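Below: one structure, written as structure tokens.
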Amino acid sequence: MWAFLELARNAGLERLQVCENARPLQLSCSEWGVLRTRADELGLDVALGCTTLDVQLVTQYLDRMDAIGAVELRIVLEREGDRRVSSREIHGFLDGVVPILQKRGKRLAIENHFDIPCRTLAEAVQDYPKDAVGFCLDVANSLRNFEDLNAVFELLGPRALMYHLKDYRLAGSNVGFAVTGTPFGEGQIDRRMLFQRIFEHTQSPEVYLETWTPQTGDWETDVASDSQFLAASIRNLKRELAMSASLHS
């Protein structure tokens, strides 16, 4: 994990969100405390993310958040398998976890992901306090639910705590469409509108860059491609953020 932090900082990133695919629970709370010290030495902020509907699992993440001084946990409300999560299940999960969050001074940032429409998420959280439940807005995940960037911001923007930014190209026909990832700034996302909506909500947005790098199946080729995608995306994102911040200051 230490090498991963160095890689992120050397790439020019100021914040790294470590999510479930990196198996963060394999590190103990004391190990996360050591990691936080090393990250501070690098000048890198560290955050955590998970995919679960298990309140007990969330508490394990909260323990590690204490170790790194984090407040917001990015979460995807999905499970393994094909069955979609219902509004009733989301309410049941939030009923169990919100009192814990409030007691510990933490917040959930629920990410709009592939299987739950933004409208369902917005309706599900409206009765819970904003200081405990907000959203991580992903600019592309909801395309599968036919919800574009405007729909995501209209439905989830008022509770936005953080943003996942990526770029893509769409190719469609009369029977469907395909989404292909590109380096940020080189695809079809409306960047002007995107940053206008973000800076209307906050002058100090918490943004995380993601890449959807096309895979060939060859490890060395894919790693090299991902590195190129990341370098171009960071360069373009920093330029866009600087321009947008000056326009909305």
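Just so you know, all these numbers are worked out from the coordinates, no wet-lab data involved. The shown structure was predicted, so the numbers you read here are calculated from the model rather than taken from an experiment. All Cβ positions, glycine included, derive from the backbone under ideal geometry; neighbour counts span all protein chains shown.
Quick look at the values:
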| read-out | value |
| --- | --- |
| GNM top mover of 60, 102, 215 - the chain, alpha-carbon springs below 10 Å | 215 |
| Alpha-carbon gyration tensor eigenvalues x 5, square-rooted, for the range 93-166, Å | 22, 12, 10 |
| Sequence of 77, 13 once ranked by neighbouring C-beta atoms within 10 Å, starting from the fewest | 13, 77 |
| Residue order, fewest to most surrounding Cβ atoms within 10 angstrom, among 164, 201 | 201, 164 |
| Cβ-Cβ FRET estimate between residue 192 and residue 63, R0 fixed at 51 Å, reported to 0.05 | 0.80 |
| Over the range 146-213, equivalent-ellipsoid semi-axes from the Cα gyration tensor in Å | 23, 15, 10 |
| Rounded to whole Hz, the Karplus (6.51, -1.76, 1.60) HN-Hα couplings of the range 209-217, x for glycine and proline | 8, 10, 10, 9, 8, x, 9, 9, x |
| In the range 111-200, the GluC sites (Glu not before Pro) that fall in loop regions by DSSP, at most 16 other Cβ within 10 Å | 186 |
| Modelled FRET efficiency - R0 35 Å, residue 131 with residue 243, Cβ distances, 0.05 increments | 0.65 |
| Residues with amide H under 5 Å from that of residue 19, placed H, sequence gap 5 or more | 49 |
| Extreme residue, positive dipole direction of the chain, given options 117, 97, 242 (C-beta unit charges) | 242 |
| Fully extended contour minus Cα-Cα distance, from residue 9 to residue 87, at 0.36 nm per residue | 24.2 nm |
| Phi-based couplings in Hz for the range 85-101 (Karplus 6.51, -1.76, 1.60; Gly and Pro marked x) | 6, 8, 4, 4, 5, 5, 4, x, 5, 5, 4, x, 9, 4, x, 5, 4 |
| Mean separation of Cα contacts under 8 Å (6+ apart) over length of the range 1-62, as relative contact order % | 43 |
| Convex hull volume of the chain per residue (C-alpha atoms, cubic angstrom) | 145 |
| Aspartates and glutamates with Cα under 13 Å of residue 130, excluding same-chain neighbours fewer than 8 positions away | 72 |
| Value of relative contact order over the chain, rounded to a whole percent, pairs C-alpha under 8 Å and six or more apart | 12 |
| Amide H partners (placed H, <5 Å) of residue 209, local residues excluded | 165 |
| Lys, Arg +1 and Asp, Glu -1 on Cβ, resulting dipole of the range 1-62 about Cα centre, debye, nearest 20 | 40 |
| Beta bridges per DSSP with both ends in the range 116-249, % antiparallel, nearest 5 | 50 |
| Average Cα contact separation per residue, the range 110-176, under 8 Å, 6 or more apart, as relative contact order % | 36 |
| Principal axis dimensions, largest first and in whole angstrom, of the range 1-100 by Cα | 44, 27, 20 |
| Fewest-first sequence of 229, 199, 114, 146 by Cβ atoms within 10 Å of each Cβ | 146, 114, 199, 229 |
| Förster radius 41 Å - calculated FRET efficiency between residue 28 and residue 179 (Cβ-Cβ, nearest 0.05) | 0.60 |
